[in-house]
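Visitor: First the structure, then my questions, so here it is.
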Amino acid sequence: MAILKINVSDTIPLSQDITKRLINVNYVGICGSDKQKLDDPPIKYLGHEIIGKDMDNGKFVVINPNITCGKCYSCLNGYENLCSKEKAIGTNVNGGFQGWLRVPSTNLEYIEKPDIKYIFTDPLAVVLHGMSMIKILSNYKVIVLGNGSIAKILVWRLNLLGIKPDVMCRSGIWNNKELTISNLYKLTEKVSLNYYDIAFECIGFKQSETIEKSLGMIRPKGEFICFGVFPEDYSPTLKVRRLFEKEITILGVRSFTKKDFKYAKNILDLHGSKLISRLCISVVSSENINAIMNDIEDRNIDKVIVRMK
């Protein structure tokens, strides 16, 4: 895996656009999609989970990284998360590891202090968006594939609905006792077919086993919700006849809307400390690149957060 690039200089990006605010970055979270990009980054500086300080008014902010056009078909029809001209901080324009950013004021949510709980605004917004796409009843049989931060935030939200999902992951390890699950399976284990009402895929990467497993485990008329990020050039081989035989609904979750992001921030205002107490978090200085890279590889750590210089 290539070394993460972090800017430690004091160079401030220039902009004549008065709608953009100058943000000094305080913290940047690293997620699974960042790990995928390290070997061949599309931009110089990654990082889309960002807490910073608005230098124009001295207030702290959490940044919504998705800068949308407001004019395309998707934006005009209320789903700006599918904007065809989106500029996404940390994805196709330089991200938080640049140290300083110019961000539209409409992409800022102000917070009282730079509490690391707000790093989870982005992933929580993704989970909220995905859950809003379907109907979930407390008696549903649910399985979550994965044990990363998205999977654990999802289990947290499911627990609040009274659901104790099953979990399936590569390691077969679940070290979060306060995130309640019913059964734990390794990805290699055989699980009952036609059993679950909903399967949430939270792994992604270049593999199709999680999709294939889900299509087998889901009941007729069940739903498959894909949070996992798969490489653009990856074409899996699937037994698609199961879709026909069971009329399974497949939904992809592509980021979140501004409404989702604001809702996530409001939840973290009230309950963020409860969420982060259930996760294993490592906060590392941007000057300690070796520790950052080691923690990225540590499967026991749910989230690596870099404290910028």
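Visitor: Taking 35 Å as R0, compute the FRET efficiency from the Cβ-Cβ separation of Lys164 and Met293 and round it to 0.05.
Guide: 0.50
Visitor: Shifting gears a bit: I want to check the label-to-label distance for Tyr234 and Met55. Put each point 7 Å from Cα in the C-beta direction and report it in nm to one decimal.
Guide: That separation, rounded to one decimal, is 3.8 nm.
Visitor: Could you calculate the contour length gain from Val283 to Glu209, that is, 0.36 nm times the residue separation minus the distance between their Cα atoms, to one decimal place in nm?
Guide: Additional length available on full extension: 23.4 nm.
Visitor: Write out the trypsin sites (Lys or Arg not before Pro) in the range 53-116 meeting two conditions: DSSP loop, and at most 15 other Cβ atoms within 10 Å of their Cβ.
Guide: Those that pass, being in a loop and sparsely packed, are Lys71, Lys85.
Visitor: Charges only on Cβ, +1 for Lys and Arg, -1 for Asp and Glu: so what's the dipole of the range 183-279 about the Cα centre, in debye to the nearest 20?
Guide: Dipole size: approximately 240 debye.
Visitor: Separate question: For the range 191-276, which chymotrypsin sites (Phe, Trp or Tyr not before Pro) are in a loop by DSSP, counting at most 15 other Cβ atoms within 10 Å?
Guide: Tyr195, Phe205, Tyr234
Visitor: Further question on the same structure: Describe numerically, in nm with one decimal, the distance between label points set 7 Å from Cα along Cα→Cβ at Asp40 and at Arg241.
Guide: 3.4 nm
Visitor: A follow-up question, please. Over the Cα atoms of the range 134-252, how large are the radius of gyration and the largest Cα-Cα distance (Dmax), in Å?
Guide: 13.4, 39
Visitor: What ranking of Thr121, Thr210, Thr249, Thr237 emerges when the number of other C-beta atoms within 10 Å of each C-beta is taken as an exposure proxy, fewest first?
Guide: Thr237, Thr249, Thr210, Thr121
Visitor: Quick check on the range 135-204: take the gyration tensor over C-alpha atoms, sort the square-rooted eigenvalues as a ≥ b ≥ c, and tell me if it's rounded (a/c under 1.5), prolate or oblate.
Guide: Because a/c hits 1.5 or more and a/b fails to exceed b/c, the range 135-204 counts as oblate.
Visitor: Same structure again: What are the ³J(HN,Hα) couplings of the range 163-172, residue after residue, when phi is run through the Karplus curve with 6.51, -1.76, 1.60 and θ = phi - 60°? Round to Hz, x for glycine and proline.
Guide: 9, 10, x, 7, 10, 10, 8, 4, 7, x
Visitor: Using a 10 Å cut-off around each Cβ, can you sort Asp17, Asp56 from fewest to most neighbouring Cβ atoms?
Guide: Numbers: Asp17 8, Asp56 12.
The fewest-first ordering by Cβ neighbours comes to Asp17, Asp56.
Read-outs throughout are calculated quantities, based only on the coordinates presented, and are distinct from any laboratory measurement. What you see is a predicted model; the values in this text were computed from it and never measured. Glycine also receives a Cβ, built like all others from the backbone with ideal geometry; neighbour counts cover every protein chain displayed.
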